[in-house]
Amino acid sequence: MNTKHIAVIFTALLSVFTMGCESFLKTDPPLDISNEIALSTPAGIGAALVGAADGMQSGALFGGNTISIGELWSNNVEASVGADFGRLQIISYNLNIFNPEGRALWQDGYGVINRVNNVLAACENVTFEDPALKQRYRGRALAMRGMTMFQLCTYFAQPWGFTSDNSHPGIVIRTEPTLGDAGTRKARATLKECYEQIVADLTAAAELLPPTDAPFMGALATKAYLARVCFHMGDVVRAEALTTEVINSGAYRLNQDVTSVVSTNSTRKSSGRSSTRRSITQLRLLGTSARQMVQHHGTGLARISSMPFTRTQLISVWHCMTTVTIASMSRSGSASS
Amino acid sequence: MMQRLITLFAVLIASSGLVLGAATSITGTVVDDAGEGIRGASVKVAGTKLGAITKAKGAFTIILTEPTTVVLNVSMVGYKPASITIDKARLDQPITIALKRDQLNLQEAVVVGYGTKQRQDLTGSISRVDAKEIQANTYGNFENAIMGRAPGVQVINSNGMAGSAMSIRVRGVGSLTASGEPLYVIDGVPISTGDFGGKDRLATQTNALASINPNDIESIDILKDADAAAIYGSRGSNGVVIITTKRGAQGGTRFDVNLFTGTATETNRINLLDGDEYRAMWAEANRQDSIALSILKPTSRFTAKPLPGAMDPALYTNTDWLDKTMQTGNVLDASVSATGGSSFATFFTSLGYRDESSYAVGNRFQRMSGRTNVEVNATDNVKLGVNVNLSYTDNERVPSAWAGGIGAAQSSALPYFPIFNPDGTYFQPQRPWYAMYNPVAQLNENTFSNTDNRILANLYTLVKLPSNFSLRVQGGLDLFNFTDRRYTSAVVQSQAEAEFRKVGVTNWLTNATLSYDNSILPDLQLSALAAVEAQRSDQLVTGLKGREFPSPTLRNPTSAAIREGYSFETGFSFLSFISRWSFSYQQKYLLNLSGRYDGSSRFGADTRYGFFPAVGVAWILSNEDFLRGNEDISLLKLRASYGVTGNADGIDDYQWQGTFKAGADYNGSPGIRPDRLANPNLGWEQTAQLDVTAEAAFWGGRMQVTTSFYSKVTSNVLLNVAVPASSGFSSILKNVGSFENRGVEVVLSGYPITSEAFTWRADLSIAHNRNEVLDNANLPPDAIGGPGETRILVGYPVGTFFINRSAGVQSRTDTIVVQRRRSGNNVSFGTAGDDQRWNQFYDTSIVVLGGSQLFYNLNGRVTDIYDLNDRVPLGNPYPTFFGSLTNTFTFSGFDVTAMIYYQFGNQIYDDAAKRQVGNLASNFNQNRDLTSPRWQNEGDVTDVPRLSLTENYDINTDRFIYDGSFVRLRQLTIGYTLPTDIAESMGMSRLRVYVTGQNLLTWTKYPGWDPEIMRDQDGAQGRNLGAGVSYLTPPQARQMVVGVNVGF
């Protein structure tokens, strides 16, 4: 055996070793799914849609704060001295970057939008055997995007009509999924552009969806929500038309009495205080998200409120909201609560 | 031929001298342990200028002017100096002087990674700790043996609890968010290290390396610079700690027993208030508040605040909670080993047992370990070897710091609380107190233990090939099985809770190394190697939690009414191609080229592979003709190296991939959501290091000086960079930051006195390091925070404190001018001072009460408002100078070693002091010494404000930054070795008895427990930043043991 032989043996060894080296170094995370695989099938897209709905029921969003922050700002409730600093900052209109509620509303809202955008992008790339399913997925996604964007606009932008042509800053319009660093930066659009996008999303969703689609928003719920958007935009004619369509559809029953959305007693025990929980108990109708909201309020709104909701105040705020949200989410929600 | 002629000539001269009888000469040889002649040794006649340097085969001749009894002092680099008396009558007889090898040596073999080298052939910086020094350490883990014995290597004990964690910084902190710890390699296998314990339960961490018996270690080599560490490529930038376990040697079987036992206590105990003092102070605080109110709001009525605990005053007592939670611990350590071998095989086998209870009541660490290393000469050209280590450790852990135990005993367990109620049940203070604040109940009723079973094994084949080639093929395995058992009693919290948690780590490695070692040209020696290596590590965590148990004796989570299981999995792999080429021309000029091409699963598709090269050169001047044979300068060597290494450890796996995650469920349906942004460019952190070193040895190695200068620039540092939240994400992990470490290391070793009767060896090491952040990706100060207000700010050391400055205490109630911020919001925007919105100031006159705390604002002007915008970077958590002075004396069978460790220039931010120094509203017990100079009466001049229960003193100011410098008698050992003949008559080859004390004395200005600290943090980032922060951190341990070491 001479040097040459040794070199040959070593080279052979090396090549054996190197074989499959790419696969040796390529490891898939056991607890995660890579982006490519996650959305490569209709089932995966469906799961991502569920994930988007989960984002919406976050306590920072529709599961709590989109409602409670409005209540705080409209003086329907007050924060007690013992409340956490985030809510104290909210009632004093003095939010800084550390404010957890404000930050989470923005972050979680865009979290939902990004989840939805992933679904919409994947729908274009994946072949569906059942074209109706693809339609439904796209409809659900667009409805969620429109609804979330609308909420963010109401909290983070001046309202419709603030400038005559609504050219004042709205929020960032995101219609593409963020996958890497490259796509993370985008400027705010004008409010007009935002509302155009919201209306386009909800209108398209209403066309794609069946009348009801529990536990997601169906076409009727989407229209009800669109009615609310139109109301905000001052388009009362269209709002009225859409609402009438929902009422006349027969799919939903109006409450006999506006006060019936408010329960006057509370049976739920939480934190040893249960005196001011009238509104919330009723909201359990919302199902999962309502339970979360109750929990959320258990540590937040309900605890801090030193003043019970008055019925009229509550109703005025909830009137539109409850109709729509109950419509959109009630069926399975009431079953499960 | 020439040599023979000279010898003949010398003999002729010598014999002629004999014949003439006038001049006398001494002839002889200097040999080593194995009887081989040593060339270049210095032989001097004491008290004269006569002397000689030994020639080939160690021969020397000294011509004396007159025949007389002489003392010869013999010294040689790498050997212990010797003194020999030659009687006048025996001058004519040739003598043989045997020198013993010594660690002051340049001849020793050093483990360099994938091979060994003679120290004098090195071009890089490597520190070595040998078996004797490792054995001198009585702490349970080998890292402690490195402290003070490797210059530039800072060893930090997190605390003195048994089985607790260590941190090592080689030439300064090496990362910000990833691991700053070195790579540990045992017998060629990088092993699993760190804390596998349940996170953040007890405010202490476990140490996976504690499963290794230090007595099994032959040497620890620490690769410090790029030339040495580049062979470990993407994992080398924090330095590499190479552990080589003991091997057998040919010859008769030797048995060795080492046994020691002793006590473990805390190094220091802080002085806290007793119950009466606490209540008196509470009354004083109420009094001060009432005075303050009467001045500021004369119309308001004052209501005194009640003592915490809402308890019956009849129960008030004086409980020394520290006394109840601390004890004198016991240490027992026994190791038995056998080593031997024949021409066919050699072996080393050992058993070890350690049982250590610390100063904390309930804390106990036990280890049982066994190791067998066997090497067989299967054929003339093939060696087979197997090293196997089995170990079991059981660590009974107790809470500390914020988690309770001795932490609660010095804080929230107030001294007037009794331990028990009159009815014998545990006393539990009423709200807002929680039951855990009876630390005695907590220690008695809760249990938390970790056990680990570990198998470290490697098999290798060494084939000697023709043409000076050899091939080594190795497979290594590290199987680590870790179990947490936790039980929290219903006595301590509202419902009983139990958790079992198992961590299994399977870590394997294979490699093949082809080496070549020979002269390729006359005078040009080449030693080269090429290797391929694959490593993979998989970790699986499973656990079960249970709450609400039907009986306190049922403690398995399965018995609980409410159960919850969980699991976690992760893994990584490395694939590497390694090469090193070392040239030596005439033993004068050395060139070392090394490099590693590493692939790691941790990194993105575009950066999966990286190349880490280094080049080192050395010039051994003392081998040049003009210095060869010089009697004063025995060694003079200059070397320099430059190279690039990486840091791939401490980074979570799979981070480069964009992924979706489960758990986003809605209405009973399982859903997924985006979890992480993809970063295909994610890669290792990178350190470029320059090292310039001069080594010199004088008078045959009697004194040695090594001075190294280094500069390390670490770039591509991983930071979580914020992205606009409208992207749906909050941050992305990117390689963006950079920082540098620059330093000097000086080691001075020598034998001031050597004689047959008395030897004194002294080793002094001084290391200076300066750390500075160069780029933090423009992140705002609060984006990357460590424990206790530590931050990463450009121009300051990693982990500098970002803190408000105290402007002292107002001496008298008076109207003074203060500066206030026009629109302050107590928030931080951008880098402090960047955003002018928060920095418009105005002066105003206000009444300030005597005893009020004042602050400096950003302008350096006095203000009465505590505002986070006024924070400034202060202090350095890492020492600017540290090192040790070790003196070793041997005389008539006795050996005395005293090691003094010191560090200067670092500060400690005591995060708990803000609650323990004059802040009764924190409901913590108070530090008596620090609280006593508080403001009490008008006119008092002090920096401790008046006591108050209404003022907010729970704030971070530089009042609590203390000088962390200390000097410590780290180790004192006194041993006595029985003369060999007596030992042999007793059937032993060696008997040594010794006493060792560790951490016996400490000199420091730090007023807390102990200046050697590392705040509990389980993240790498916390460890990198938290080296100078204390929060009720337990003190170090002082151990005093007696031991016996028997060989037969």
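The values are calculated or read from the model by the stated rules, or taken from the named source; none is laboratory data. Keep in mind it's a predicted model, so treat the numbers as computed, not measured. Cβ placement follows ideal geometry from the backbone for every residue including glycine, while neighbour counts extend to all protein chains displayed.
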Original post:
Under the condition of being of a type in the set (A, V, I, L, M, F, W, C), within 14 Å of another protein chain (Cβ to nearest Cβ) and part of a loop (DSSP other than H, G, I, E, B), which residue from region B:778-827 is surrounded by the fewest Cβ atoms within 10 Å (Cβ to Cβ)?
Top reply: B:VAL827
**OP:** Looking only at region B:66-125, count how many residues are part of a loop (DSSP other than H, G, I, E, B), more than 27 Å from B:GLU218 (Cα to Cα) and not charged (D, E, K, R).
**Re:** 6
Original post:
How many of the residues in region A:100-147 are hydroxyl-bearing (Ser, Thr, Tyr) and within 11 Å of chain B (Cβ to nearest Cβ)?
Top reply: 1
Original post:
If you take just the strands (runs of 3 or more DSSP E) that sit entirely in region B:297-387, which of them hold at least 2 residues that are modelled with pLDDT of 90 or more and charged (D, E, K, R)?
Top reply: B:345-357, B:364-377
Original post:
What tally of residues in region B:664-684 results from selecting those that are touching a strand residue (DSSP E or B) at 6+ places or on another chain (Cβ under 7 Å), assigned to a loop (DSSP other than H, G, I, E, B) and facing another protein chain (nearest Cβ under 7 Å)?
Top reply: 4
Original post:
Can you tell me which residues in region B:967-1021 are among the polar types (S, T, N, Q) and assigned to a strand (DSSP E or B)?
Top reply: B:GLN971, B:THR973, B:THR977, B:THR996, B:GLN998, B:ASN999, B:THR1002, B:THR1004
Original post:
Among the candidates B:SER749, B:SER708, B:SER715, B:SER727, which residue alone is under 30 Å from B:PHE660 (Cβ atoms) and either within 14 Å of chain A (Cβ to nearest Cβ) or within 25 Å of the chain's Cα centre (by Cα) (or both)?
Top reply: B:SER727
Subject >> Index of the failed condition, B:MET161 passing every other in (1) out of contact with any Pro (no Cβ under 9 Å at 6 or more places or on another chain); (2) part of a loop (DSSP other than H, G, I, E, B) >> reply: (1)
Original post:
If you go through region B:624-643 one residue at a time, do you hit one that is within 14 Å of chain A (Cβ to nearest Cβ), of a type outside the set (Phe, Trp, Tyr), in contact with a Lys or Arg (Cβ under 7 Å, 6 or more places away or on another chain) and more than 20 Å from B:PHE612 (Cα to Cα)?
Top reply: no
Original post:
Are any of the residues in region B:427-447 under 30 Å from B:ILE217 (Cβ atoms), away from every other protein chain (no Cβ under 14 Å) and in contact with an Asp or Glu (Cβ under 9 Å, 6 or more places away or on another chain)?
Top reply: no
**OP:** Take B:PHE448 and decide whether it is at pLDDT 90 or above and closer than 30 Å to B:THR317 by Cβ.
**Re:** yes
Original post:
Residues B:LEU524, B:LEU529: which one is surrounded by fewer than 16 Cβ atoms within 10 Å (Cβ to Cβ), of a type in the set (A, V, I, L, M) and under 21 Å from B:SER582 (Cβ atoms)?
Top reply: B:LEU524
**OP:** Evaluate the following for A:ALA187: is it more than 17 Å from the chain's Cα centre (by Cα), assigned to a helix (DSSP H, G or I) and within 14 Å of chain B (Cβ to nearest Cβ)?
**Re:** no
Original post:
Could you list, in sequence order, the residues of region A:190-243 that are in contact with a Cys (Cβ under 9 Å, 6 or more places away or on another chain) and among the small types (Gly, Ala, Ser)?
Top reply: A:ALA224, A:ALA227, A:ALA239, A:ALA241
**OP:** Restrict the check to region A:7-16 and report whether at least one residue is at pLDDT below 85, under 30 Å from B:GLY663 (Cα atoms) and β-branched (Val, Ile, Thr).
**Re:** no
**OP:** Pull up region B:694-703, narrow it to residues that are part of a strand (DSSP E or B) and buried (at least 22 other Cβ atoms within 10 Å of the Cβ), then point me to the one that is farthest from the other protein chains (Cβ to nearest Cβ).
**Re:** B:ALA697
Subject >> Failed item in (1) under 21 Å from B:GLN120 (Cβ atoms); (2) among the hydrophobic types (A, V, I, L, M, F, W, C); (3) free of Cβ contacts under 8 Å to residues at least 12 places away in the same chain, with B:ALA41 passing the rest >> reply: (3)
Original post:
With (1) within 11 Å of another protein chain (Cβ to nearest Cβ); (2) of a type outside the set (D, E, K, R); (3) surrounded by fewer than 18 Cβ atoms within 10 Å (Cβ to Cβ) as the list, and B:THR542 as the residue in question, which single condition is left unmet?
Top reply: (1)
Original post:
On the given criteria, is A:MET233 farther than 21 Å from A:GLY139 by Cβ and buried (at least 18 other Cβ atoms within 10 Å of the Cβ)?
Top reply: yes
**OP:** Run down B:ALA136, B:ALA131, B:ALA150 and say which single residue is surrounded by 24 or more Cβ atoms within 10 Å (Cβ to Cβ) and among the small types (Gly, Ala, Ser).
**Re:** B:ALA150
Original post:
Can you name the residue in region B:650-663 that is buried (at least 20 other Cβ atoms within 10 Å of the Cβ) and of a type in the set (S, T, N, Q) and, of all such residues, is nearest to the other protein chains (Cβ to nearest Cβ)?
Top reply: B:THR659
Subject >> Given (1) on the phi < 0 side of the Ramachandran plot; (2) modelled with pLDDT under 90; (3) buried (at least 23 other Cβ atoms within 10 Å of the Cβ); (4) not hydroxyl-bearing (Ser, Thr, Tyr), number of the condition B:ASN630 does not satisfy >> reply: (3)
